[in-house]
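Computed from the coordinates by the stated procedures, all read-outs in this text should not be read as laboratory data. Here the structure is a predicted model, which means the values were calculated and not measured. Cβ coordinates were reconstructed from backbone atoms using ideal geometry, including for glycine residues, and neighbour counts include every protein chain displayed.
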Amino acid sequence: MSGGDMLDFEIRPNPQPVAAAEREALMANPGFGRVFTDHMVTIRYADGKGWYDARVEARAPIPMDPASAVLHYAQEIFEGLKAYHAADGGVTMFRPDANAARFAESARRMAMPTLPEQAFLDSLRHLIEIDRAWLPTSDEGSLYLRPFMFANEVFLGVRPAREYLYAVIASPVGSYFSGGVKPVAVWVSPTYTRAAPGGTGAAKCGGNYAASLAAQAEGAEHGCEQVVFLDAVERRYVDELGGMNIFFVYDDGTLVTPPLGGTILPGITREALITLAGQQGRTVVERPVEFDEWRADAASGRLREVFACGTAAVITPIGQVRSPDGEFTMADGNPGEVTMSLRQTLLDIQRGRTEDVNGWIHHID
Ligand code: PLP
Ligand code: COI
């Protein structure tokens, strides 16, 4: 595909799909990212040829040369979005066009070719259609879609690769955190930062997540499920978590979230919540938040609730905050009212239980 945005997908159904009884057993309690469907999508790219060989085929290992560029220089990006079993029995996706646009932005930052938005959307639709039986019907369940792309040219020189593989896999999921919706404890790392100005913080590239793992391990040593990263320049302002954006809820109902300045991921949930809260008549402010201010406002009671948000985590309340200077609890440590009400509103929109005034929902059939 060099000219238009349409790409013909060759559909090759898996000759040996998982048997229905086994599938049901796997889906009974899937957790997050452990169970996978029968198929995957692949599309190849080569300089001078463009996008080609778009396929829906049996999910299988991807053969790879040991000199494949991604294994050495980490030219890789991904996305994450969910398909939902909707109230009317159909299937919906939440803002997949926003994921397509962010995927293209990530590609540009990593000097990779951009997949046309229509091909991205078609790849998701094809996978959902063929693996529809894997879509959980429970209230908390969804089919997590993971589009990704990596450099697979066989070459060790350090330059943008000339060949890539784009793929999509799908995973039926329940709650991201094993405890369901209960407040998580977060670690504010004194040691590690996530992204510096001019770096790759705003791109969804695998390297950002590799770099966050030592911080995650440090947090786990302190009994925390997640890490809050401070800005890399002054180590003063709250950026985001390893895989979620962050919101603060004050006693007058105002919501505050750190601004997009190139070092945090422009979350699609974050943007939706800014819109939704505004439509509910709340004041929403995008401004830098100092960690010291967080601690002081939590102590005074001015700051009532803090939550993390993202596709995988939906909206997750933050209960405990730990750093080398000590720890504090947000309010009484229980999920806050604003947090839980925004969460419900978001889930109701995603599952078609309430009117989608913003046109965020894509129906598959
Ligand atoms: N921040 C990071 C670092 C993430 O990995 C994610 C998850 O994708 C988010 C924020 C939330 O983004 P979204 O709401 O688009 O899932
Ligand atoms: C998502 O929310 O989709 C993500 O990609 C975050 C990841 C840490 C699971």
For segment 196-278, which trypsin sites (Lys or Arg not before Pro) are in a loop by DSSP, counting at most 12 other Cβ atoms within 10 Å?
none
Let me see the pair-distance distribution of the chain: every alpha carbon pair, 20 Å bin width, integer percents in order.
28, 58, 14, 0
Exposed-loop cut sites defined as GluC sites (Glu not before Pro) in DSSP loop states with at most 10 other Cβ within 10 angstrom; longest site-free run of the chain spans 1-233
If only Cα atoms are counted, what is the Rg of segment 133-276, and what is its Dmax, in Å?
17.7, 57
Place a +1 charge on the Cβ of each Lys and Arg in the chain and a -1 charge on the Cβ of each Asp and Glu, then give the dipole magnitude about the Cα centre in debye, rounded to the nearest 20.
400 debye
Percent relative contact order of the chain, based on C-alpha pairs within less than 8 angstrom and at least six residues apart?
18 percent
When the Kirkwood radius is taken over all Cα pairs of segment 184-350, what Stokes-Einstein diffusion coefficient follows at 10 °C and 1.306 mPa s, in µm²/s?
100 µm²/s
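For segment 10-173, state the semi-axes of the equivalent ellipsoid (square roots of 5 times the eigenvalues of the alpha-carbon gyration tensor), sorted largest first and rounded to whole angstrom.
Sorted largest first and rounded, they come to 29, 17, 14 Å.
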Averaging the inverse of every distinct alpha carbon separation and then flipping it gives the Kirkwood radius. What is it for segment 196-270, in angstrom units?
13.3 Å
So which chymotrypsin sites (Phe, Trp or Tyr not before Pro) in segment 52-131 are both in a DSSP loop and have at most 12 other Cβ atoms within 10 Å of their Cβ?
none
Please identify every one of the chymotrypsin sites (Phe, Trp or Tyr not before Pro) in segment 5-37 that sits in a loop by DSSP and has no more than 10 other beta carbons within 10 Å of its own beta carbon.
none
Residue-normalised 222 nm signal for the chain, counting each DSSP H run of n ≥ 4 as -39,500 (n - 2.57), nearest 500 deg cm²/dmol, is -8000 deg cm²/dmol
Which shape class applies to segment 119-196: rounded if a/c is under 1.5, otherwise prolate when a/b exceeds b/c and oblate if not, where a ≥ b ≥ c are the square roots of the Cα gyration tensor eigenvalues?
oblate
